[in-house]
Amino acid sequence: MALPKRRHSHSRTRKRRSHDFLTAPGLSLCADCGEPKQPHRLCGSCGKYKGRTVYSLDTAVE
């Protein structure tokens, strides 16, 4: 098994780890109610997707 001959410096390690972070999800506004939502997802407040009602809050089982 291969082993490193020399130890990596702190700067080299940090350069490699510079891309290891989480990014915030993109948000768009619902066309019907204006609430922020993730793109290509059902709106959580009004229950619509692409202009049609997919999930009605009135008939939801509690």
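Please treat every number below as a calculation from the coordinates, not as lab data. All of these numbers come straight from a predicted model, not from anything done at the bench. A quick note on method: Cβ atoms are made from the backbone with ideal geometry, for glycine too, and the neighbour counts reach across all protein chains shown.
Side notes on the structure shown:
- Charged neighbours of GLY44, selected by a Cβ distance under 11 Å, balance to +2 (K, R count +1; D, E count -1).
- Ellipticity at 222 nm from helices only: DSSP H runs of n ≥ 4 in the chain, each -39500 (n - 2.57), divided by the residue count, give -3000 deg cm²/dmol.
- Residues of type lysines that LYS15 reaches as a straight line, Cα spacing below 28 Å, ignoring anything fewer than 8 places off in the same chain: LYS5
- Size of charge dipole - the chain - debye, nearest 20, with Cβ of Lys, Arg +1 and Asp, Glu -1, no other charges: 1120
- Qualifying trypsin sites (Lys or Arg not before Pro) in the chain, where qualification requires a DSSP coil assignment and no more than 15 other C-beta atoms within 10 Å, comprise LYS5, ARG6, ARG7, ARG41, LYS50.
- In this label model, ALA31 and MET1 are separated by 5.6 nm, measuring between points 7 Å along each Cα→Cβ vector.
- In the chain, the ratio of gyration radius to Kirkwood radius, Rg to Rh, stands at 1.44 when only Cα atoms are counted.
- Förster-model FRET efficiency, 25 Å R0, THR23 and TYR49, C-beta, rounded to 0.05: 0.55
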